[in-house]
1. Quick check: pseudo-label points 7 Å beyond the Cα along Cα→Cβ at Glu111 and Ala45, how many nm apart are they?
2. With a 1.4 Å probe and all protein chains left in place, how much accessible area per residue does the range 4-247 have, in Å²?
3. Hey, in the GNM for the chain with a 10 angstrom Cα cutoff, which one of Ala147, Ala182, Ala51 fluctuates hardest?
4. Could you run the Karplus curve 6.51 cos²θ - 1.76 cosθ + 1.60 with θ = phi - 60° over the range 29-45 and give me ³J(HN,Hα) per residue in whole Hz, x for Gly and Pro?
5. Check which residues have an amide H placed less than 5 Å from Gly35's amide H, if you skip close sequence neighbours.
6. How large a share of the accessible area of the chain, in percent, is made up of carbon and sulfur atoms when the probe is 1.4 Å and the other protein chains stay in place?
7. Can you tell me the relative contact order of the chain? Whole percent, Cα pairs under 8 Å, sequence separation 6 or more.
8. Read phi for every residue in the range 219-232 and hand back ³J(HN,Hα) as whole Hz from Karplus 6.51 cos²θ - 1.76 cosθ + 1.60, θ = phi - 60°, with x for Gly and Pro.
Amino acid sequence: MSVLDEFALDGDTAIVTGASRGIGRALAGALAEAGANLCLVSRTADDGRTAAAEIEAETGVDAIAVPADVTEENDVEAMVDETLATFGSIDVLVNNAGIARTAPAHEMSLETWNEVIATNLTGVFLCTKHAGKAMIDGDGGTVINMASMSAFVANYPQEEVVYHASKGGVVSFTRQLASEWARYDIRANAIAPGYIRTEMIDELLAENPDMEEAWLSEMLMDEMAPPGDLGGTVVYLASDASSYMTGETVVIDGGYTVR
Ligand code: NDP
C-alpha cells in the first residue's frame, strides 16, 4: 500500500457538525474528496442542504444534510439514527460546531456562559455519546474534535474566558475519551486552529476592527488562514494515515503560539 492510499476514506461515513459554512464546510469537502459519504449537521436546514448538494456535485459522494442543534439530545439522537438509516455505519465523527461570545468575565451573563459551554462542550459530548455508540456496535472509528489554540494561550485583546474554558475542556475531553475508547478501536484527536477567516471571525471583527492588527502581529505567517488549510489534517486524522495516533491535539495556528 502506498502512503497516499493510507489517506483514502472510500466508502466510510463521516458526520461533520457545523458543516454548513466556514471550517466545517471545508472539512466536509476534504473528507468527501478522500471518498467519505457525509452527514452534514447545522441548525439551519437550507444552508446544510446547499452545502450537501455542492459537495455531491463536486466529489460524487453521497451527502445528506440533517438539521440538528448539538445542544439538544433528541436532535442528536435523531441525526445519528438518520445517518445510520442512510449509510448503515458511522466511521468518522467531526465535532466542529461551535460559537464565540465576548464579554469581560465580571460582566458576562450566566446565559452567555451556558450558551457557549452547551454548544462547544456539551454538544461535543452529546454527539460523541450517540455516534460513539454506533461505532462501538460497529467496527470502531475516529472522533475528531474542534478545539482552538485558545485552549493553550490567552487571546488578546478580546475578552472571552468562556470560549477558552470550553476549548480547554475539549482538549481534556479528547485525551480522556481516547483512553476510555481505545478498547473499542476508536481513536480520538483534536485540531486546535489559530485565526481562520470565517463568519465567526468577521463577527468578532465587526465588534472591534482594531483586533485584526493585534492578532496579525502575533502570527509568524502574518495572515489568517482560509478554512481549507485545515482539510489535509482532518483527512489525516480520519484515516489510517494516523492509525497510531490518539488523544492528541494538533495545533495549526500560523505560528501564533510559538512565542
Ligand atoms: P462559523 O460561525 O463560521 O460556523 C459555525 C457552524 O456551526 C455553522 O455551520 C453553524 O450553523 C453551526 N452551529 C453553530 N451552533 C450550532 C448548534 N448549536 N448546533 C448545530 N450546529 C451549530 O464558525 P467557524 O467555522 O469559524 O468555527 C467552526 C469551529 O472551529 C468552532 O468550534 C470554532 O470554535 C472553531 N475554531 C474557529 C476558529 C476561527 O478562527 N474561525 C479558530 C479556532 C477554532 P447554524 O448556525 O445553522 O447552526
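The values are calculated or read from the model by the stated rules, or taken from the named source; none is laboratory data. This structure is a prediction, so every number in the text was calculated from the model and none was measured. Positions of Cβ are generated from backbone atoms using ideal geometry, with glycine treated the same way; all protein chains shown enter the neighbour counts. Accessible surface areas use protein heavy atoms only, side chains included; no ligands, DNA or RNA. Shrake-Rupley method; radii C 1.70, N 1.55, O 1.52, S 1.80 Å.
1. Taking the simple label geometry, Glu111 and Ala45 are separated by 2.7 nm.
2. Numbers: 10880 Å² over 244 residues.
Solvent-accessible surface per residue comes out at 45 Å².
3. Maximum among the listed residues: Ala182.
4. Each residue of the range 29-45 in turn: x, 5, 5, 5, 4, 7, x, 7, 6, 10, 10, 9, 10, 7, 6, 8, 4 Hz.
5. Here Leu9 satisfy the definition.
6. Values: 5680 of 11890 Å².
Answer for the chain is 48 percent, counting heavy atoms of protein chains only.
7. Numbers: 504 pairs, mean separation 54.0, N = 259.
Rounded, it is 21 percent for the chain.
8. Calculated HN-Hα couplings, in order: 9, 5, 8, 6, 7, 6, 8, x, x, x, 5, 8, x, x Hz.
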